[in-house]
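To start, the structure itself, in structure tokens.
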Amino acid sequence: MEPSVSGGALVASNLSYVQPTESSAWGTFLAQVDRVTPFLGHLERWAETLRRPKRTLIVDVPIELDNGEFAHFEGYRVQHSLSRGPGKGGVRYHPDVTLEEVMALAAWMTVKNAAVNLPYGGAKGGVRLDPRKLSLKELERATRRYTSEIGVIIGPLQDIPAPDVNTDAQVMAWMMDTYSMNVGSSSPGVVTGKPIHLGGSLGRVKATGRGVFVMGCAAMRRLNMPVAGARIAVQGFGNVGSTVAELFAQAGAKIVAVQDSRGAVFNAQGLKISELAAHVAGHHGVADFSGGESMAREEFWDVGCDVLIPAALEGQIDVFRANRLKARLVLEGANGPTLPQADDVLESRGVVVLPDVICNAGGVTVSYFEWVQDFASFYWTEEQINQRLDKIVLDALDQIWEVSQKRRISLRTAAFVVGCERILTAHEERGLYP
């Protein structure tokens, strides 16, 4: 039997193909399920389905490199649950992505879609490659081959991929075109996050960051924290981190620190985000930005701030860092950035965590809008998109906050209560088959 995680302790797992630990992504998800199970009432009898992905696909992605040699990359597509609708979740390209990580990301997508009440299940994909080491043509070949290999389980009514870490609208265009050519007809609804002229939606690029900002401002109002003048630290300056930093700066907050994979910068008076974005575009990282002081990456976690926004990869806030944070509020722009034991530390210190499964749901919400528009062949304005986005995420936050207060549980557990009740009710009503 392989080790799994339950309530912080290793226990036997019935899944033979993963070995989760207390700090791994799948181990984190299992611990979160264990914490919500006592609140599920009669639905607890179905909880084991949350611990087992419905479908896991591993594929070989061989391509010919520009120099004539051949390379092989390992690819994954995991469908965690399809009880509430087709799978929905991004595809990430990263040299360290693993099956276990993709499983956890798919599972978090299941809970996220249910928590904000979108008609989707959860899925995720990944390919173990570093796009910085491939030419554009090599990246295209890898994308098209990966799409062909997973084409047996994706589709507009089966499973709809989207951008994630190191993937973008161009990658989605290649995926859509490859799938369309394989099925013999144009199928824009097979992916979301596409270029606008291929059926993409206005507002999609900044949707995740906007959702973090909108819900962050709502949480700050509930905590009597003024946005104007608030000191904010952002980890990660990709699509999500740069967008949320820009929006908070426009609202009068001070972005005092930013960290990414290349370094960290600090300015007590507030970094100029437009200048930082231009620097990152030219230098591929925040290191050596002249508008702030450089500091060691680990020192980022000691910065004095009111709000911390982890918007990079999972597993960033451990117990050690949780004890050092100065923030009153954590907005999880990334998926799974906080380990369960760190959650306990933050709660004991009175730090409020707005969990990933609602905080960063803006991206999948606008992906849903894109999917709907593709089916209708009728497209909305960006103003309409943003209005619909704000309503959906704020309604979800209101409900989850109320559950948290009523049951005296953390916002994360409350989000899992709301999401898992919807997932397991759908499973119960459909029966054992799905």
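The values are calculated or read from the model by the stated rules, or taken from the named source; none is laboratory data. These figures come from a predicted structure and were not determined experimentally. Methodologically, a virtual Cβ is constructed for each residue, glycine included, from the backbone with ideal geometry; neighbour enumeration extends over all protein chains shown. The area values use the complete protein model at the heavy-atom level, side chains included, leaving out ligands, DNA and RNA. Shrake-Rupley method; radii C 1.70, N 1.55, O 1.52, S 1.80 Å.
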Please tell me if Ser404 is of a type in the set (Gly, Ala, Ser), part of a helix (DSSP H, G or I), within 22 Å of Asn113 (Cα to Cα) and free of Cβ contacts under 8 Å to residues at least 24 places away in the same chain.
yes
Residues of region 57-95 satisfying the condition of being among the polar types (S, T, N, Q), over 19 Å from the mean Cα position of the chain (by Cα) and crowded, with 18+ Cβ neighbours inside 10 Å
Ser83
Considering every residue within region 43-50, establish whether at least one is crowded, with 21+ Cβ neighbours inside 10 Å, at pLDDT 95 or above and in contact with a His (Cβ under 7 Å, 6 or more places away or on another chain).
no
Consider Gln170 carefully, then state whether it is open to solvent by 60 Å² or more (accessible area, probe 1.4 Å) and in contact (Cβ under 8 Å) with a residue 60 or more places away in the chain.
no
Might you check whether a residue that is touching a Lys or Arg at 6+ places or on another chain (Cβ under 8 Å) and closer than 23 Å to Glu370 by Cα occurs anywhere in region 125-138?
yes
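Residues checked against (1) at positive phi; (2) of a type in the set (Phe, Trp, Tyr); (3) without any contact (Cβ under 8 Å) to a residue 60 or more places away in the chain:
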{"residue": "Gly68", "(1), (2), (3)": "yes, no, yes"}
{"residue": "His72", "(1), (2), (3)": "no, no, yes"}
{"residue": "Tyr76", "(1), (2), (3)": "no, yes, yes"}
{"residue": "Ser81", "(1), (2), (3)": "no, no, no"}
{"residue": "Gly87", "(1), (2), (3)": "no, no, no"}
{"residue": "Tyr93", "(1), (2), (3)": "no, yes, no"}
{"residue": "Leu105", "(1), (2), (3)": "no, no, no"}
{"residue": "Lys112", "(1), (2), (3)": "no, no, no"}
Restricting attention to region 138-150, does a residue exist that is in contact with a Ser or Thr (Cβ under 8 Å, 6 or more places away or on another chain), free of Cβ contacts under 8 Å to residues at least 60 places away in the same chain, within 30 Å of Val352 (Cβ to Cβ) and open to solvent by 10 Å² or more (accessible area, probe 1.4 Å)?
no
Matching option when the condition is over 19 Å from Pro163 (Cβ atoms), in a helix (DSSP H, G or I) and open to solvent by less than 30 Å² (accessible area, probe 1.4 Å), among Val214, Val256, Val244, Val234
Val214
Phe378 fails exactly one of the following numbered conditions: (1) over 24 Å from Arg45 (Cβ atoms); (2) at pLDDT 95 or above; (3) not small (Gly, Ala, Ser). What is the number of that condition?
(2)
Of Ala327, Ala396, Ala342, Ala376, which residue is touching a strand residue (DSSP E or B) at 6+ places or on another chain (Cβ under 8 Å), farther than 18 Å from Gly241 by Cβ and either buried (at least 18 other Cβ atoms within 10 Å of the Cβ) or not charged (D, E, K, R) (or both)?
Ala342
Matching residues in region 180-190 - criterion: being open to solvent by 20 Å² or more (accessible area, probe 1.4 Å) and closer than 21 Å to Phe369 by Cα
Ser186, Pro188
